[in-house]
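Rule-based calculations on the coordinates, nothing more; no lab input. If you're wondering where the values come from, they're calculated on a predicted model, not measured in any experiment. Cβ placement follows ideal geometry from the backbone for every residue including glycine, while neighbour counts extend to all protein chains displayed.
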Amino acid sequence: MPPKIRIELLLPTHYNPDEQGNRESVELRKFRLVKNEIVDKFKALSVHPYTIKGTWVNPKNGKVFYDECYKYEVVINYREGIEEELSKWKERLKELFVQFEIFMTFCDIYQV
């Protein structure tokens, strides 16, 4: 079987806080937009049914953030240039979800 990679991303349920520390919920249409984009582009998608709670410290200012995210996963055949493609996509997602960072990983997998 050809080598495959699993792409995993965590999409936040809330935008970054404003100056007063308030956080607005991300509109559902944005999750649908990303879901449709993934299915159109990669022809598959798994969405975990529950949110994942996490904590991270912004290395630029030391502020602690508490997030809830949806986990999206897809497995695709490896192809040249995927790292650059994912990096550009991640930047678009950061803008769409108004985030300092979006957690996105990919790793080699072997499918049986």
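For the chain, the Kirkwood radius over C-alpha pairs fed into Stokes-Einstein at 37 °C and 0.692 mPa s yields D = 216 µm² per second.
If R0 is 35 Å, the Cβ-Cβ spacing of E80 and R23 corresponds to a FRET efficiency of close to 0.35. Contact order, relative form, for the stretch 4-109: 44 percent (alpha carbon pairs under 8 Å, 6 or more residues apart, mean separation divided by residue count). If you fit an axis through the alpha-carbon atoms of helix 28-42 and take the longest principal axis of the Cα set of the chain, what angle between them do you get, 0 to 90°, nearest 10? It is inclined by approximately 20 degrees. The simple spin-label model puts a point 7 Å past each Cα toward its Cβ; for L96 and S46 those points are separated by 2.1 nm. Between L45, L93, L28, the Gaussian network model of the chain with springs among Cα atoms under 10 angstrom shows the greatest mean-square fluctuation at L28. Axis angle, to the nearest 10 degrees, between helix 82-96 and the longest C-alpha principal axis of the chain: 30 degrees. Round to the nearest 0.05 the FRET efficiency obtained for W56 and M1 when R0 = 30 Å and r is the Cβ-Cβ distance. Using R0 = 30 Å, I get an efficiency of 0.25.
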